[in-house]
Amino acid sequence: MMTSKVTGSRIQAVCADSRAFINTFVKPNSIDLIIFDPPFLGSSKEYNDVKDIVDQDELCYRRYIEQFANPFLNSLNSDGLLVSRYDRKSGVIINRVLNSVFGRQNYLESYYLELVNGRSARLGDHRIVHEISVYAKNRTKKKLVQGSKHLKSDEKKTQYRGSLPTDIAKFILGKYTKPGSKILDPTAGSFTIADVLGEFPKRNLIAIESDPLVFKRYSHKAST
């Protein structure tokens, strides 16, 4: 199952099937935060019938996300949170599936995060809107919140399709973690979470990527 591994001082990065790895190696009730970044399924070999993100089929996403439901819920501790990121194009479908799979009653809050690329409006800012939805394993003590935030971004676009933007990764870690937090990134991709973790002391991360080529290209970020 596990084909490769990179370990930093606070980061364990593995190339493996996320569901199998979580079930086998992640202790139940041990994770404080799961950062779930569903991929553009159109590029997945398993779902090669999907041509483009605009044409995503809800059943296709449901099949993908349902596989993570039990591993996620088992690994989260009683106060654990699941944060899922998606863009406006896929948001309607993914949000509906997340509510169905993880339970509308566990929905906690959401944020619209607008990335603004460019130095000024006169230079032609490029605005990209993302949304994150947050689910709590135990929502009884928490309040529903909805908000929005504008994030300035001067970063260059990564060549990895669907990569989690650095500014959104920092927002999630800053808002939903604290020293001592244990974080699970089961769809690591370009390892953005691992890359910015150094700015957030005393957090520990397990980052999992199933594609060996993607892992080989980006997992060096976990060793810094």
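The values are calculated or read from the model by the stated rules, or taken from the named source; none is laboratory data. In this text, all values refer to a predicted model and were calculated from it rather than measured experimentally. Positions of Cβ are backbone-derived with ideal geometry, glycine not excepted, and every protein chain shown enters the neighbour counts.
The residue of segment 191-224 that is surrounded by the most Cβ atoms within 10 Å (Cβ to Cβ), among those that are modelled with pLDDT of 90 or more and polar (S, T, N, Q), is T192. Is it fair to say P179 is of a type outside the set (F, W, Y), part of a loop (DSSP other than H, G, I, E, B) and free of Cβ contacts under 8 Å to residues at least 24 places away in the same chain? So P179 fails the test. Considering segment 198-224, the residues that are of a type in the set (A, V, I, L, M) and under 14 Å from the mean Cα position of the chain (by Cα) include one that is farthest from S18 (Cα to Cα), namely L205. Within segment 75-92, the set of residues being crowded, with 16+ Cβ neighbours inside 10 Å, without any contact (Cβ under 8 Å) to a residue 60 or more places away in the chain and farther than 14 Å from D37 by Cα comprises just one member, G80.
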